[in-house]
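Read the structure below first, then the notes.
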Amino acid sequence: MTQSSFNRRGFLKGAAAAAAVVPLASSLASCAAGGGSSSDSSSAPSAGAKSADNPFGINESGKLDAVIFNGGYGISYAQFAAAQMKKKWPKLTVSVKPSNNISQELQPRFVAGNPPDVIDNSGANSIGVSSILSQLDTFDDLMSAKNYEGKTISDTLYPGVKEMGTRGDKFAIFNYVMSGYAVWYSDSLFQANGWTAPKTWDEAYQLGAKAKAKGKYLFCWGKEAATYYRTLILGTAYKQGGDEVRLAIENLKPKAWSQPVIQQALTALKKIIDAGFVKPGGAGTQFTAAQAQWSNDQAALLYPSGSWIENEMKSQTKAGFKMTGAPEFVLDDSPVMGYEAMNAAPGEPFICPKQGVNAGAGKEFMRAMLSEAAAKNFAEKILSPTVVKDTVPADGFGSTALVSLTKMLNAAGEKVFNIQWVDYYGVNTEHLVVWNDFLAGKSSVAQMTDAMQKISDKVANDSSVEKITIK
């Protein structure tokens, strides 16, 4: 079993510094897929001469083949960046295609040896990076290149990008959007009813009783996003128990899901489910339809999600909703990391296969994405900041979600963490089945624990899967 390590320490310090300046937002959990393999020496030769203006040696009369996950952010931001690239290279043919199923659509292209030049490898059906790591190019030369404004790209970014995108010694993932998870609610609805955002699971249960008295539910969910509740449970457990709990889960240790704080968190959620405080039918409801039950119908009070939720639901949010985030719940008033601790990191992972048709075109597209113009366009249109510094004003473009996120990040300071193992090992599809059953009341805490541990153990015991050691 080959192992590599991922060091979070440097990232955490950098992310804390970034948190004091700018709000965050971003990405769904990733999931399983296979793929062909190739050696690191299989890179296609450059089609153009490398220079300061053409650092990746692209064929300027060639083509850009980009596939972008069509999720909460849409693809217009990528089309904008491609247009910036087209201005610089007018002879280039650019193709930016949407996908809602990255794994199934692109796995055959990896096997055939003709993957796209660049992929936004996000969504519930993204490709497990461990299965294609040898086929991916690295981004070190992108960091040292100049952006379209003539500045060295590494100097324009918030800390943590390289750390969060490195697997072993290979910087193969470029996370473009600053991400943060929270429990979201309507501040206007809460103010009208005299409610406050719960800090503990007990307070959440009490709010559920108040919601029921008003003919509302505490939570709702959709089938493709049931694992948002996994993220919520792990957020509770990591904050409550600290590194000891986090590292057992992240490094696939035996009986990790039986740790007391995880059992307590699962039991607290099960109590809410059994009380009828979760809107039924989520396992048969498309996730944006379920989210609209919260953001537009206000049938449920709370929704755990990443900070892309505002943009994802902007056309289905009740007028005057005042979307606001609060930190994920804790179990009591003495969590190891503190209530303010937060699941936050650079996210929305882009990858560049080495066998793309136009050598270097994927990284040239990323250079366009990292231009000030493209980063500001993303922040303003999507209401989420990228990893490029100084692109979001203090008022968050009038977004209550961004303002609240800024406050949460400032309060978290250095107390930030991230969930790595799900994305790396591509297990989200298996998790979705388990979490849909649990939220529907079809399984007990013991059955949930056993199911999640079996998924973890399966990966841990598979000698064909390269493991990372998270610190």
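Tabulated data for the structure shown
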| read-out | value |
| --- | --- |
| Prolate/oblate/rounded call for region 321-444, Cα gyration tensor, a/c under 1.5 rounded | oblate |
| Length-normalised contact order of the chain in % [C-alpha pairs under 8 Å, at least 6 apart] | 32 |
| Prolate/oblate/rounded call for region 128-218, Cα gyration tensor, a/c under 1.5 rounded | prolate |
| Interchain or long-range residues, amide H under 5 Å from V183's placed H | A326, E328 |
| Links that overshoot a 26 Å alpha carbon limit, given the list K216/K255; K86/K151; K239/K381 | K216/K255; K239/K381 |
| Within the chain, percent of DSSP bridges classed antiparallel, to nearest 5 | 55 |
| Cβ charges +1 (Lys, Arg) and -1 (Asp, Glu), total dipole of the chain, debye | 440 |
| Under-5 Å amide H pairs with I68, H placed in peptide plane, nonlocal only | K97, S99, D120 |
| Rounded tilt (10° steps) of 428-439 against the dominant C-alpha axis of the chain | 10 |
| Hits among aspartates and glutamates - C-alpha to C-alpha of K454 under 19 Å, sequence gap 8 or more where chains match | E250, D423, E430, D437, D462, E466 |
| Amide hydrogen neighbours beyond the local backbone of Y217, cut-off 5 Å, H modeled | A300, L301 |
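Throughout, read-outs are computed from the coordinates displayed, never taken from laboratory work. Please read these numbers as outputs of a predicted model, since none were measured by experiment. Ideal geometry is used to build each Cβ from the backbone, glycine not excepted, and the neighbour counts take in all protein chains shown.
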